[in-house]
Amino acid sequence: MRDAGKVVADVLSEIKEFAKAGITTKEVDILATEIAAKAGAKCLFKGVRSPYAKQPFPGAICASVNEQVVHGIPSDEVVLKDGDIFSVDFGVKLNGYCGDSAITVAIGSVNEEKQRLMDVTGAVLQVAIDNIAPGRKWSEIAEKMQSYAESAGFSVVRDLVGHGIGTEMHCDPQVPNYVSRGLRKNDIFLKEGMVLAVEPMINAGRYAVKTLRDGWTVVTVDGRPSAHFEHTIAVVSGGSEVLTARE
């Protein structure tokens with residue numbers, strides 16, 4: 001899983017440098033595909049089916065801009081502009097194991113709200129990384145994540161959560177970024193050797209989201225921007241290890 005995670009990290013590092021005003025999200029998708037192919041890895045997202053969409057997902061990356069939360073479809077028609085924030089989710093399978101990670105990138109100069117939203121979302125993910133350890137309850141970590149986001153004046157998306165990951169991209173358990181009565185009742189107790197894809201999705205406005213007619217793209221209901229960060233994280237003796245860490 002470290003090997004798969006390194007490929008994902010390398011791709012996202014390249015994308016962070018490549019994504020500029022004037023570039024299409026399809027061009028970013030092509031770059032990710034080429035790097036993964038050179039590493040001998042299979043892109044996880046391409047061809048995934050959803051009960052809400054007529055067609056399987058067509059891209060190697062999820063390319064979500066501004067109010068798009070996740071699952072944006074890469075397109076020749078979507079040109080990145082100065083002031084956009086661009087969320088890229090990417091995963092691969094290598095030698096039978098998966099890695100999954102996401103970043104949100106500022107395109108050119110972004111306004112103060114968007115910059116703070118990205119900073120806070122990254123910090124929310126770091127809260128999880130700092131608190132993951134064997135013996136911890138996930139509800140305790142989720143509560144800290146939610147509290148951090150909400151204390152900054154933002155909201156945590158409820159309809160989408162993180163997940164276990166291993167030989168498949170999506171495994172049990174589901175890993176919410178907020179605490180609920182249901183989570184407290186059916187808590188997740190972290191054990192050494194577990195691997196989780198933790199992915200806070202934080203909105204500048206309300207947490208409500210909806211899916212567009214393409215059956216994939218999830219957007220904020222109020223049209224305010226959203227940011228998304230994710231790492232594949234192993235529970236290890238004494239704490240956590242980020243398997244998709246970027247240099």
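What follows draws every value from the coordinates through simple rules; no lab data is involved. Keep in mind it's a predicted model, so treat the numbers as computed, not measured. Counting neighbours? That spans all protein chains shown, and the Cβs are built from the backbone with ideal geometry, glycine included.
The local environment of ILE132, defined by Cβ-Cβ distances under 12 Å, has a net charge of 0 under the rule Lys, Arg +1 and Asp, Glu -1. Taking the square roots of five times each eigenvalue of the Cα gyration tensor of the stretch 2-242, the equivalent ellipsoid has semi-axes of 26, 22, 17 Å, listed largest first. Among ASN95, ASN66, ASN177, the largest mean-square fluctuation in a Gaussian network model of the chain (Cα springs under 10 Å) belongs to ASN95. Counting only lysines at least 8 places from LYS38 when in the same chain, those with an alpha carbon closer than 16 Å to its own are LYS6, LYS93. For TYR178, the shell of other residues with beta-carbons less than 13 Å away shows a net charge of -1, using +1 for Lys and Arg and -1 for Asp and Glu.
Might you report the magnitude of the Cβ-based charge dipole of the chain about its Cα centre, with Lys and Arg at +1 and Asp and Glu at -1, to the nearest 20 debye?
On the way: 27 positive and 32 negative charges, 131 e Å.
It works out to roughly 620 debye.
Within the listed set GLN146, GLN55, GLN68, the residue fluctuating most in the Gaussian network model of the chain (springs between alpha-carbon atoms under 10 angstrom) is GLN55. Mean-square fluctuation check for the chain, GNM, Cα pairs under 10 Å: which of ALA53, ALA128, ALA197 is largest? Fluctuation is largest for ALA53.
Here's the list of lysines a cross-link from LYS144 could span, going by alpha-carbon distance under 25 Å and ignoring same-chain residues fewer than 8 apart: LYS114, LYS185, LYS191.
By the count of other C-beta atoms within 10 Å, a proxy for reagent exposure, LYS26, LYS42 are ordered fewest to most as LYS42, LYS26.
Over all pairs of distinct alpha carbons, what does the Kirkwood formula give as the hydrodynamic radius of the stretch 6-144, in Å?
On the way: mean 1/r = 0.0619 Å⁻¹.
Kirkwood radius, the stretch 6-144: 16.2 Å.
Note: relative contact order over the chain, using C-alpha pairs below 8 Å and six or more positions apart, is 23 percent.
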